[in-house]
Amino acid sequence: MNNLTQSTKVTLLYIAIAFLFSVAVRMIWFYQFFGYEPFMFNSQLMINTNDGYFWAEGARDILSGISQENDLSPITTAASQLTALFAYILPFSFESIILFMPVFLSSLVVVPIILIAKSLDNLEMGLIAALLASIAWSYYNRTMIGYYDTDMLNIVLPMFLLWSIIWAIRTNENRYLLITALDILVYRWWYPQSYSLEFSFFGLILFYTLVWDRKNFYNYKLLALMMLAMVNLDGFIRFPLVLAVFYIFKDKRFDKYTYSILVASVVVFFASGGFTPIWNQLKGYVFKDAVTAADEGLKLHFFSVMQTIREAGHIPFETFANRISGHVITFILSLGGFIYLSYRHKIMLFGLPMIGLGFLAYFGGLRFTIYAVPVLAFGAAFLITEIARYMPTKRLKFLTITAFTLAVLYPNIAHVQEYKVPTVFNVNEVKVLDKLKNIADREDYVIAWWDYGYPIRYYSDVKTLADGGKHSGSVNFPVSFTLTSPQNISAKMARLDVEYTEKTFRFKEENKERIEDENITIFSNIEQMTKEYGFDDANDFLLSLQTDIELPLKTRDIYFYLPYRMLDIYPTVKAFSNINLMNAKMKSSPLFYMSRVFKEEQSGINLGQGIFLDLQNSTITFSDQKMPIKRFVQTSYDKNMKFKKDVNILNITADINVIYMSSYNTFLVLDEKTYNSLYIQLMVLEEYDKTLFEEVILTPHAKVYKLKI
């Protein structure tokens, strides 16, 4: 340590302070909920993001060495592999590792922030920026303890890339050529969708070179190595290629080949389909359509999942600003401060790609705001250090920095204290899945909405039809249709969808080369069913399910996981199958109204939103329209948790049903079609066709049934 310079010692000290601060703030959620039984499983708090169970499944299978065929377990992904490594070498439980990994990995963002500040000879700015960025709203939300997802390194790695680019441009040292290329390789390994940001950095460096530094061979070497690291080829090909070209670039005798290598790298980039992933991301988050249509075959239309995902939607300016800087005022100061910082140090303009991607959140979805967080944090920090610079004494300078730093940190810390997100599932739901693991075979399917796919696969070790990654409109349609149709129709669709899914897997495996050579299109399950059952219209095929059709040979068992929590999203689930597949027209929405906040009045029950229930006259009023009730059903659980229901038919010709789930303090108002849907019948009413289904696990929190056909 004695050999270190004073600047290096201060740098390491600031990194340690900022890192420990970031970790400490992230522990607030842990201390708020540790010991809270509904969030605990296997003596540890559970994670609080659905996608985390995807990576956890992969890590689990890597450690066990077992992964069934076509189970979609991500055993080849970076997050799962790194998790498995930590679980193998560290003396902690698997649950503890996936809970705490985001805390320590995401806090590493302070390192490149402070190193960038060091290059500008302003370490105080680096410390302030690191403190702010590490706990800013959106970065904290997506990297807090328990938010086990790729976001725990998705900002750390591009910030290291920004640091290496800044130092490369400033110093022209060969080592930064390699560091930049290796960072891209690691970033792509960790997050394959990193294409857009990497290409933005490349474009900005190219612009800088052509406008201001055209004769500098070093910049062209940097661009060539970046492009080679970015090409759409396997990492095992890109890594030795980068090392070989770096070795060539170290020798000045080969400088004359620099342009040729750069051109060759660009050609390889385009030949490898380098723009395809970028365009796909733009289509998904910028050019969103409510309905997607196939280009071939029957040209079926499906409801787009992007319209239902909150993090992919437009957000208000205040939310946008708060998520980036913690407060609108801080955001405005940060933006102004960054402009001033870039005026004083033009090298900081290389941070524009991250700001640009962060600003995409304003119309592309709130998930992108995290990219702007660390770069704009420099803006607020720079203003604070500039103000302090004019203080007459060191004491006043210190007090000024401390006061303003606390001011920008306060709204973010307040947010952390208030942000009490729950775990993905509560322990009672997990116990159902854990029990199912010992009942179902690993090749069996569990049908549930895609929101629950990853946790089901992790806890029950089974297959699912839809999950957080496999949830396109064509995939969601049959699942939605199954969950919201009458039992006899749902049973047929469930068997069809599972067997056609497995059939498609087999076809792809047996014809892999043919599919690639002949560019064969694999149509959706619904389209395959429609054609193979002799129909030209998918709607006609769906109508045929009301009759006795011949089903595929049963190859595995199918279970239905029906949680109480799905009541909250039932209309969304229904929307995916409430569409005319042939012309994209949405059908009229079925009646579904849920009330947990209601008030008993002298003449009946006020359910809110202008809906009034009059049980004496067996009517329900919607605003000014009074309508008769067909059924009034009351369900409950006794002290032994035995389910009971009382069904009263009030008007056989009516179309509206009211269900009072007394144990849940919940009222449901449903039309006849919704009332007869599989989910309502099996989960809410425990009324099932014993020729089609058998009960497996029945609890107030979630119910599991097995399909007999």
Practice task
Starting from residues that are of a type in the set (S, T, N, Q) and open to solvent by 30 Å² or more (accessible area, probe 1.4 Å), keep the ones in the range 619-657 and report whichever is modelled with the lowest pLDDT.
Solution key: Ser623
Handout entry: When residues of the range 112-141 are limited to those that are in a loop (DSSP other than H, G, I, E, B) and farther than 23 Å from Ala407 by Cα, the one least open to solvent (accessible area, probe 1.4 Å)
Key = Leu120
Practice task
Please verify whether the range 70-81 includes one or more residues that are free of Cβ contacts under 8 Å to residues at least 24 places away in the same chain, open to solvent by 50 Å² or more (accessible area, probe 1.4 Å) and more than 24 Å from the chain's Cα centre (by Cα).
Solution key: no
Problem - Of all residues making up the range 354-385, the number that are modelled with pLDDT of 95 or more, more than 17 Å from Gly336 (Cβ to Cβ) and surrounded by fewer than 24 Cβ atoms within 10 Å (Cβ to Cβ) - result: 0
Handout entry: Flag for Tyr195 being modelled with pLDDT of 90 or more and of a type in the set (Phe, Trp, Tyr)
Key = no
Handout entry: Members of the range 228-251 found to be open to solvent by less than 50 Å² (accessible area, probe 1.4 Å), touching a residue at least 60 places away in the same chain (Cβ under 8 Å) and out of contact with any Lys or Arg (no Cβ under 7 Å at 6 or more places or on another chain), listed by number
Key = Val242, Phe246
Fill in the blank from the handout: How many residues of the range 570-614 are open to solvent by 30 Å² or more (accessible area, probe 1.4 Å), under 30 Å from Gly297 (Cβ atoms) and among the β-branched types (Val, Ile, Thr)? The answer is 1
Handout entry: strands (runs of 3 or more DSSP E) (entirely within the range 660-709) containing at least 2 residues that are modelled with pLDDT of 95 or more and open to solvent by 20 Å² or more (accessible area, probe 1.4 Å)
Key = 693-698
Exercise for the section: Sort out which residues of the range 417-457 are part of a loop (DSSP other than H, G, I, E, B) and either open to solvent by less than 60 Å² (accessible area, probe 1.4 Å) or free of Cβ contacts under 8 Å to residues at least 60 places away in the same chain (or both), and write them in order of number. Expected result: Val421, Thr423, Val424, Phe425, Asn426, Asn438, Ala440, Glu443, Asp444, Ala448, Trp449
Practice task
Spot the failing condition for Val186; the list is (1) open to solvent by 50 Å² or more (accessible area, probe 1.4 Å); (2) at pLDDT below 95; (3) out of contact with any Phe, Trp or Tyr (no Cβ under 8 Å at 6 or more places or on another chain); (4) of a type in the set (Val, Ile, Thr), and only one is missed.
Solution key: (2)
Exercise for the section: Being in a loop (DSSP other than H, G, I, E, B) and more than 29 Å from the chain's Cα centre (by Cα) is the filter here, so list the residues in the range 591-600 that pass it. Expected result: Leu591, Val597, Phe598
Completion exercise
When restricted to Ser480, Ser474, the only residue open to solvent by 20 Å² or more (accessible area, probe 1.4 Å), assigned to a helix (DSSP H, G or I) and either of a type in the set (Phe, Trp, Tyr) or out of contact with any Cys (no Cβ under 7 Å at 6 or more places or on another chain) (or both) is Ser474
Exercise for the section: Identify all residues within the range 605-626 that are under 15 Å from Phe592 (Cβ atoms) and either among the acidic types (Asp, Glu) or touching a residue at least 60 places away in the same chain (Cβ under 8 Å) (or both); write none if there are none. Expected result: Leu607
Problem - Set Ile515, Ile520: member being outside any helix (DSSP H, G or I) and without any contact (Cβ under 8 Å) to a residue 12 or more places away in the chain - result: Ile520
Practice task
Answer yes if at least one residue in the range 536-555 is among the β-branched types (Val, Ile, Thr), closer than 23 Å to Glu57 by Cβ and either at pLDDT 95 or above or loosely packed, with under 14 Cβ neighbours inside 10 Å (or both), and no otherwise.
Solution key: yes
Handout entry: Hits in the range 627-670 (condition: in contact (Cβ under 8 Å) with a residue 60 or more places away in the chain, under 18 Å from Gly608 (Cα atoms) and touching a strand residue (DSSP E or B) at 6+ places or on another chain (Cβ under 9 Å))
Key = Ile656, Tyr664, Thr666, Phe667, Leu668, Val669, Leu670
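The values are calculated or read from the model by the stated rules, or taken from the named source; none is laboratory data. All values reported here derive from a predicted model rather than from experimental measurement. Glycine gets a Cβ as well: all are built from the backbone with ideal geometry, and neighbour counts include every protein chain shown. These area figures cover heavy atoms from the full protein model, side chains too; ligands, DNA and RNA do not enter into them. Shrake-Rupley method; radii C 1.70, N 1.55, O 1.52, S 1.80 Å.
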